[in-house]
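Right, one structure below, let's go through it.
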2 protein chains.
Amino acid sequence: MESNLEVAMRTLTRKGAATRQRILEGAAAHIRENGVVATTLDDVLARTATSKSQLFHYFPGGREELLLAVARFEADRVLEDQRPQLGDLTSWPAWRSWRDKVVDRYQRQGRLCPLNSVTSHLGNGTPGSQAVVTELMHRWQTEIATGVRHMQDTGEIDPGLDPDRAAAALLAGIQGGVLIQMSTGQTIHLEAALDMGIAHLRASRLPVA
Amino acid sequence: MESNLEVAMRTLTRKGAATRQRILEGAAAHIRENGVVATTLDDVLARTATSKSQLFHYFPGGREELLLAVARFEADRVLEDQRPQLGDLTSWPAWRSWRDKVVDRYQRQGRLCPLNSVTSHLGNGTPGSQAVVTELMHRWQTEIATGVRHMQDTGEIDPGLDPDRAAAALLAGIQGGVLIQMSTGQTIHLEAALDMGIAHLRASRLPVA
DNA sequence: CACAAAATGGACTGTCAAGTCCAAAGACGA
DNA sequence: TCGTCTTTGGACTTGACAGTCCATTTTGTG
């Protein structure tokens, strides 16, 4: 039905690039504050002091393309917000510190999860949406797994444990914890999931006694 | 702004009740197949062979009230679909059997999660939506915790472990696993999370050696 | 400077879907 | 059976919002 989203955009003036960015960030901000459903193109225009022709100039695919761009934008933030801890899971205190950062990040974020919001609006099956989420999850899981491997190298985690599977489980716990927090407002689940995940890693070092 | 959703509906003929139910189930089915975004009231009407006046007669709050009703409907299904295993977590094989059932259920369900879809459309903060999800999570977690306690009674799980917290972590893992499955299609995360959660319960029985 | 390409303003259109209304048909108790 | 309350049909209104179009201004370049 549509295939020429994400088209050429051959030349972009400095000014043009700035405008595009302004629209993108404005849209992201508005969505973060109001949710996708309550975000119309006109809202974005008003907020960013741009006109319709500009929006469609930089996002020829219209609303859908803009939403997808926002999804990418937010997906990047997710991992960045966990730096530098996420990239440095090299000791138990470091894991703890990362855990705290994650909890804190999502506590601040409150009830709206822009990424989930956007992708579930685009439809989870949409190729673009799926690609963004899949890549995010993959990168996230990889970084965790790297941390696990490092701890295995230093002998702090049982070498017999599958790092990728452990990372997958931990990641699932985080996602679920955040999801529950969105709906219920409680942050316990996220904390419990992280704690249990990490505890399990630690415990693995002490085999069946 | 609105407060009289879920109003009186004083008398309901047998016929009326049937119609109401037909609309509700038709809406749920359509949403399960197409997602909320792609579900208009007219779609539901066409599918259930009813007229607009009927829909607004039985759901005076219109779309919003209907969506909320669907959310409740789906929330009930979630736990029912885990019976009888969920209510009988009394041995390790039983836990395993439950795990398989959960994985199977969500594997069948595919990419659309009606409940998440609906609530995220209603807006996670909506009192009605929040109530439905919160209650579901609470009941779910309670049932898991009951299972944990039972295993503690029979000495198969360390009595020092907090059943509610363990259940919260496990629940988070499930939610996250499902969420990831929705977006990526992969079922590994759900399985890994369940397995790790249960493994952690089992491992607790063998204290620090 | 001059010209081509890019950026911008904003009115206009078309569609689509939620919700209203009233009149007609059917159910049910007295 | 009668009268009332419920149920139903479906046309109509209303509003909102995505997307189009063209005229105008600005920018960059040879």
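The values are calculated or read from the model by the stated rules, or taken from the named source; none is laboratory data. None of the values given here were measured: they were computed from a predicted structure. Every residue, glycine as well, gets a Cβ built from its backbone with ideal geometry; the counts of neighbours run over all protein chains shown. Heads up: the accessible areas ignore ligands, DNA and RNA and are worked out on the full protein's heavy atoms, side chains in. Shrake-Rupley method; radii C 1.70, N 1.55, O 1.52, S 1.80 Å.
How many angstrom separate the Cα center of the range A:135-164 from the Cα center of the range B:161-209?
What the calculation gives is 17 Å, centre to centre.
Add +1 for every Lys or Arg and -1 for every Asp or Glu among the other residues with Cβ under 13 Å from the Cβ of A:Glu25, and state the total.
+3
For B:Leu161, go 7 angstrom from Cα along the Cα-to-Cβ vector, then report the distances to that same point in the other copies in nm, smallest first.
1.5
Taking the Cα centre of the range B:14-68 as the origin, how large is its charge dipole in debye, to the nearest 20, when only Lys and Arg (+1) and Asp and Glu (-1) carry charge on their Cβ atoms? Intermediate results must be reported in sequence, preceding the final value.
Details: 8 positive and 6 negative charges, 61 e Å.
That gives a dipole near 300 debye.
Once you have all Cα-Cα distances for chain B, histogram them in 10 Å bins from zero and send the whole-percent values.
In order of increasing distance, the bins hold 8, 30, 29, 19, 11, 3, 0 percent.
In peptide A:161-171, what is the residue-averaged number of other protein chain Cβ atoms found within 10 Å of each Cβ?
Partner-chain Cβ atoms within 10 Å, mean over residues of A:161-171: 5.
Accessible area, 1.4 Å probe, largest first: how do B:Ser53, B:Ser91 sort?
Working: B:Ser53 85, B:Ser91 40 Å².
From most exposed to least exposed: B:Ser53, B:Ser91.
List, largest first, the extents of the alpha carbons of the protein assembly as shown along their principal axes, each in whole Å.
Largest first, the protein assembly as shown extends 68, 67, 35 Å along its Cα principal axes.
Give me the inter-chain shielding for A:192-203: mean count of other chain Cβ atoms within 10 Å, whole number please.
Numbers: counts 11, 11, 2, 3, 11, 7, 0, 4, 6, 1, 0, 6.
The per-residue average across the peptide is 5.
Relative to the Cα centre, what is the charge dipole magnitude of the protein assembly as shown, using +1 at the beta carbon of each Lys and Arg, -1 at the beta carbon of each Asp and Glu, and rounding to the nearest 20 debye? The partial results should precede the final answer.
Details: 46 positive and 48 negative charges, 163 e Å.
Rounded to the nearest 20 debye, it is 780 debye.
Shortest first, in nm, what separates the label point of A:Asp42 from those of the same position in the other copies (7 Å along Cα→Cβ)?
So the distances to the same position in the other copies read 2.1 nm.
On the protein heavy atoms, probe 1.4 angstrom, tell me the percent of accessible surface of the range B:89-209 carried by carbon and sulfur.
Numbers: 2570 of 4680 Å².
That fraction is 55 percent.
Got the B:Glu135 label distances to the other copies yet, label 7 Å along Cα→Cβ, in nm, shortest first?
Result, one decimal in nm: 4.2.
To the nearest 10 degrees, how steeply does helix A:163-184 sit against the main Cα axis of chain A, on a 0 to 90 scale?
With both axes taken from Cα atoms, the answer is about 60 degrees.
Excluding same-chain residues fewer than 8 positions from A:Lys101, which aspartates and glutamates have a Cα within less than 20 Å of its Cα?
Within the straight-line limit of under 20 Å, A:Lys101 reaches these aspartates and glutamates: A:Glu74, A:Asp76, A:Glu80, A:Asp81, A:Asp88, A:Glu143, A:Glu191, A:Asp195.
Could you compute Rg(Cα) / (2.2 N^0.38 Å) for the range B:14-68, with N its residue count?
Against the compact-globule rule of thumb, the ratio is 1.00.
Ignoring GluC sites (Glu not before Pro) that are buried or in helix or strand per DSSP, and keeping those with at most 16 other beta carbon atoms within 10 Å, what is the longest stretch of chain B between them?
B:7-209
At 1.4 Å probe radius, can you tell me the per residue accessible area of the range B:77-142 in Å²?
Per-residue value: 43 Å².
What is the angle, in °, between the Cα long axis of helix A:188-204 and the longest principal axis of the Cα atoms in chain A? Nearest 10 is fine, range 0 to 90.
It works out to around 40 degrees.
What is the Cα radius of gyration of the range B:1-116 over 2.2 N^0.38 Å, N being its residue count? Walk me through the numbers before you get to the answer.
Numbers: Rg = 17.2 Å, N = 116, 2.2 N^0.38 = 13.4 Å.
Ratio of Cα Rg to 2.2 N^0.38 Å: 1.29.
Can you tell which of A:Gly147, A:Val103, A:Ala17 lies farthest toward the positive end of the dipole of chain A, using +1 and -1 charges on the Cβ of basic and acidic side chains (Lys, Arg; Asp, Glu)?
Checking the options against the dipole of chain A, the answer is A:Ala17.
Is it possible to state the helix-based mean residue ellipticity at 222 nm for the protein assembly as shown, with each DSSP H run of 4+ residues giving -39500 (n - 2.57), the sum divided by total residues, to the nearest 500 deg cm²/dmol? What is it?
-23500 deg cm²/dmol
By how many degrees, between 0 and 90 and to the nearest 10, does the Cα long axis of helix B:62-80 differ from the longest principal axis of chain B?
For B:62-80 against chain B, the angle is about 30 degrees.
Roughly how far apart, in whole Å, are the Cα centres of the range B:63-131 and the range A:26-43?
If we compute the Cα centre of each part, the gap is 29 Å.
How much net charge surrounds B:Ser183 when only the other residues with a Cβ under 11 Å from the Cβ of B:Ser183 are counted, with Lys and Arg +1 and Asp and Glu -1? Don't skip to the answer; put the middle values down first.
Details: positive: B:Arg111; negative: A:Glu135.
Within the 11 Å Cβ shell, the charges total 0.
Run the simple label-point estimate for B:Glu80 and A:Thr134 please: 7 Å along Cα→C-beta, distance reported in nm.
Label at B:Glu80, label at A:Thr134, 3.4 nm between them.
Would you mind giving the mean number of other chain beta-carbons within 10 Å of the Cβ of each residue in B:116-123, as a whole number?
5
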